[in-house]
1. All but one of (1) surrounded by 12 or more Cβ atoms within 10 Å (Cβ to Cβ); (2) modelled with pLDDT of 90 or more; (3) more than 23 Å from the chain's Cα centre (by Cα) hold for VAL242, so report the exception by its number.
2. Which ones in the range 72-102 are open to solvent by 90 Å² or more (accessible area, probe 1.4 Å) and at pLDDT below 80?
3. Across the range 202-221, what is the total count of residues that are under 23 Å from GLU188 (Cα atoms) and surrounded by 14 or more Cβ atoms within 10 Å (Cβ to Cβ)?
4. Just to be sure before I move on: is ILE253 surrounded by 12 or more Cβ atoms within 10 Å (Cβ to Cβ) and of a type in the set (Val, Ile, Thr) in the structure I sent?
5. Go through the residues of the range 225-239 one by one and say whether even a single one is basic (Lys, Arg), assigned to a helix (DSSP H, G or I), farther than 30 Å from ILE130 by Cα and open to solvent by 50 Å² or more (accessible area, probe 1.4 Å).
6. Cβ-Cβ under 7 Å, sequence separation 6+ or interchain: first residue in the range 145-170 and more than 11 Å from LEU126 (Cα to Cα), partner modelled with pLDDT under 90 and open to solvent by 90 Å² or more (accessible area, probe 1.4 Å). Which pairs?
Amino acid sequence: MTNRPYYWSFVDRTGAEPETMTYTWMFEKSPPPDAGAPSTPLQYFMTPTGRIVREEAYFGSRRMLSLFDAVRQYGRCLTLFEEPPRGERPGALGSIPYTAWLGANFKVGYECDMKREELYGWGISLATGIIDERFLERLGEKRLTPRLPSNIHLLKNGLSLRKGMTQLEQSLERRLKSSDFSWAKEAEDRRQDELHRIRQFYEPMIERSKDDEEQKALLEGRFRHREAEIDWQYRPRVTVSVMNCGIFHLPGID
């Protein structure tokens with residue numbers, strides 16, 4: 001994040017006390033500078049406690065891309081606990097029961113010569129197998145912490161992580177199979193139309209060059225290459241990927 005690989009390798013080798021940096025990130029692009037003033041998204045300010053770096057972080061900026069890369073690398077899998085409601089008394093066992101949920105954010109892409117993406121934030125209770133299709137919205141209303149709260153106990157899981165993810169994938173597959181695929185038929189019609197066009201273009205030339213084997217092989221190679229390009233561009237397909245996932249311990253027995 002600080003773009004100081006040589007400094008951190010020095011700290012690792014020598015065991016020196018690291019000197020951290022303080023950042024101020026501006027999430028709105030600054031107005032254009034006055035005439036003659038330097039235009040840079042990175043600025044430094046000296047304070048009594050040290051140097052502070054101020055940098056713009058807007059969509060498309062170098063800093064925003066590094067933030068996204070860090071989230072993808074270190075935040076793909078996590079474990080969080082919901083903070084117990086303040087003032088709530090523990091149950092008969094002296095603590096509040098928590099159930100583990102497996103949450104996953106699926107990105108579904110409908111692809112042909114055009115592309116559309118959808119996000120599904122689903123969760124499954126590892127205790128009961130209940131699937132919540134609004135799990136992502138549900139988490140947005142909760143206060144979560146990576147630390148295990150006091151006065152709670154975790155219930156035993158009835159499903160393994162592998163089985164829970166398999167059930168989520170199967171449920172999502174059933175949902176996608178019931179979708180409207182009229183777009184795929186239209187894309188296939190466009191694919192066949194483009195293939196018909198290039199056949200009309202190349203086949204007469206290949207026929208005329210049948211006596212010249214080298215020229216014929218060259219045209220046939222171009223024809224096959226163009227067919228492959230059209231097939232890749234227009235063939236309808238649905239892709240599913242897991243953006244990130246996590247184990248969320250929530251109060252209750254669900």
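The values are calculated or read from the model by the stated rules, or taken from the named source; none is laboratory data. Quick caveat, the model's predicted, so the values are computed rather than measured. Reconstructed Cβ throughout: ideal geometry from the backbone, glycine too, with neighbour counts over all protein chains shown. Accessible surface areas use protein heavy atoms only, side chains included; no ligands, DNA or RNA. Shrake-Rupley method; radii C 1.70, N 1.55, O 1.52, S 1.80 Å.
1. (3)
2. Answer for the range 72-102, where residues must be open to solvent by 90 Å² or more (accessible area, probe 1.4 Å) and at pLDDT below 80: ARG72, GLN73, TYR74, ARG86, GLU88, ARG89, ALA92, LEU93.
3. Final tally of qualifying residues: 1.
4. It is false that ILE253 is surrounded by 12 or more Cβ atoms within 10 Å (Cβ to Cβ) and of a type in the set (Val, Ile, Thr).
5. Taking every residue of the range 225-239 in turn, at least one turns out to be basic (Lys, Arg), assigned to a helix (DSSP H, G or I), farther than 30 Å from ILE130 by Cα and open to solvent by 50 Å² or more (accessible area, probe 1.4 Å).
6. HIS153/LEU93
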